[in-house]
1. Using R₀ = 45 Å, calculate the FRET efficiency as 1/(1 + (r/R₀)^6) where r is the Cβ-Cβ separation of residue 195 and residue 281; round to 0.05.
2. Can you tell me which of 360-367, 284-291, 325-332, 122-129 comes out highest on packing, and rank the rest after it, using the mean Cβ neighbours within 10 Å?
3. Compute the Cα gyration tensor for the stretch 263-326, then decide on rounded, prolate or oblate, letting a ≥ b ≥ c be the square roots of its eigenvalues: rounded whenever a/c is under 1.5, prolate when a/b is larger than b/c in the other cases, and oblate in all that remain.
4. Over the Cα atoms of the stretch 90-134, how large are the radius of gyration and the largest Cα-Cα distance (Dmax), in Å?
5. Taking the inverse of the average 1/r across all pairs of different Cα atoms in the stretch 33-158, what Kirkwood radius in Å do you get?
6. Kindly rank 235-246, 373-384, 170-181 from highest to lowest mean number of other beta carbons found within 10 Å of each residue.
7. Just to be sure I understand: if I project the alpha-carbon convex hull of the stretch 193-280 onto a plane and average over all orientations, what area do I get in nm²?
8. Could you work out the helix-only [θ] at 222 nm for the chain, with each DSSP H run of four or more residues adding -39,500 (n - 2.57) and the total divided by the number of residues, to the nearest 500 deg cm²/dmol?
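Every read-out reported here was derived from the displayed coordinates using simple, explicitly stated rules and does not represent laboratory data. Every value quoted in this text rests on a predicted model; they were computed, and no experiment measured them. Positions of Cβ are backbone-derived with ideal geometry, glycine not excepted, and every protein chain shown enters the neighbour counts.
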């Protein structure tokens, strides 16, 4: 049977995630991978999972194994409301919804909001997972300019002036892939602009808890609450395999997102939500976060220092105060894919930056490097190999 003829037209836009394809290659023995975007297993609170499981079964019994509300398990929604308030977002638990990872919100938002040909404004480069969620609904992307301080507000305003934008998508803090963060002044300006133009912003915030230096910055949601869908996750600070994401959105949008989720999975795993609720209510996150930061901060410093020593002088590294990535720009004319192939021969892998752009001709000279999955000694060795590959190329 020819199953290909059964596929919907939209499947032509469903491309394999380039990073996951790269990870298949770099799993070979002897390859040091700087390509992943995943937390270190050393950051998982393994020592408390039996305790958390006992707490869940004692507190909720069979309820933890039963169907539950599409909006989310109420004990977890209550705890997430507390977490959001610590970030400056004041919201009732009833206004917090739980999803299967933050990726679940992106897919639901795309299904709800995008009609073929709609214009979506986003950073260049941007998060590849968002593009994977948006692509099947056939939007037109409007790429906005960035610099070392994140999105340039004037580029956002010009975009809203000259295009009919359905929504804006941003990762304001420790952006994937660049590790950059919007300054406070830019957050204020962007909030003013989206209010002025009555624009909807999807603010994706998976990394803000992973700050190693500097002062925490408030989400844009705190500055323009009626114009922002705020998305976050526990994947980077608890356990990614539990797939716990959450969002706070204007009431009209939130109610529609619930209807979308009902058609996909009814609700996120009740048991996993209960584990997350106990993790937060028992103040385990407050104890775990310093451990995670203490694990990652020296790795980031080690990579930054090694890049300065081993890369040719015409390579530039974007500064970052946290997150999981560093962004490197090579000299004009360099092709990241060529360097990737040379680096693989030399025993180290990364993600060429061009995959994070909507225009395949952009970002050819860039690369994203992850530092969370290797210790400092390994990172030094990996960057030395990368530098040798760059010199050889």
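1. My answer for the efficiency is 0.80.
2. 122-129, 325-332, 360-367, 284-291
3. Here the stretch 263-326 falls in the oblate category.
4. So, for the stretch 90-134, Rg and Dmax equal 12.7, 35 Å respectively.
5. 18.4 Å
6. Ranked by mean Cβ neighbours within 10 Å, highest first: 170-181, 235-246, 373-384.
7. Here the figure is 7.2 nm², rounded to one decimal.
8. Rounded to the nearest 500, the figure is -12500 deg cm²/dmol.
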